[in-house]
Amino acid sequence: MALNAAIIAILVTMVLALIRAFEGPSAYDRMLAANVFGTKTVLLIALGGYALSWHSFLDIALLYAMVNYVGTIAVMRFFDDSRQARNPSADGEDS
């Protein structure tokens, strides 16, 4: 019963994160929402694996968490580099 409630709560927060990802006012808000969605996916994999008695569900959840982390860092670096290329004075140095 509590496991089903936790899964439903995670699914609701995933839907809210998707709404924020599509309607976010800035690229950073959208990326943050995508990261939250990935984190909730890790939780859903862990809870679903436990509920279905998978033997390697934590390994899969940890692997997905690492991919989510590296992907988030890569995209944020891309956005930061493209912002600095458009506006060279955005890095905080005055010329």
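The values are calculated or read from the model by the stated rules, or taken from the named source; none is laboratory data. From a predicted model like this one, the values you see are computed outputs, not experimental measurements. Reconstructed Cβ throughout: ideal geometry from the backbone, glycine too, with neighbour counts over all protein chains shown. Quick note on the areas: whole protein, heavy atoms, side chains included, nothing else; ligands and nucleic acids left out. Shrake-Rupley method; radii C 1.70, N 1.55, O 1.52, S 1.80 Å.
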Open item on the list: With the requirement that a residue be touching a Phe, Trp or Tyr at 6+ places or on another chain (Cβ under 7 Å) and among the hydroxyl-bearing types (Ser, Thr, Tyr), what does segment 29-65 give you?
Closed with: Thr41, Tyr50
Task: Hits in segment 1-49 (condition: charged (D, E, K, R) and within 18 Å of Ile73 (Cβ to Cβ)) - done: Asp29, Arg30
- [ ] Select, from Met66, Met76, the only residue that is open to solvent by 80 Å² or more (accessible area, probe 1.4 Å) and either on the phi < 0 side of the Ramachandran plot or polar (S, T, N, Q) (or both).
- [x] Met66
Open item on the list: Here's a check for you: in segment 31-59, which residue that is among the aliphatic types (A, V, I, L, M) and over 16 Å from the mean Cα position of the chain (by Cα) is surrounded by the most Cβ atoms within 10 Å (Cβ to Cβ)?
Closed with: Leu47
- [ ] Could you check Tyr28 against (1) at pLDDT below 90; (2) of a type in the set (Ser, Thr, Tyr); (3) open to solvent by less than 80 Å² (accessible area, probe 1.4 Å) and say which number it fails?
- [x] (3)
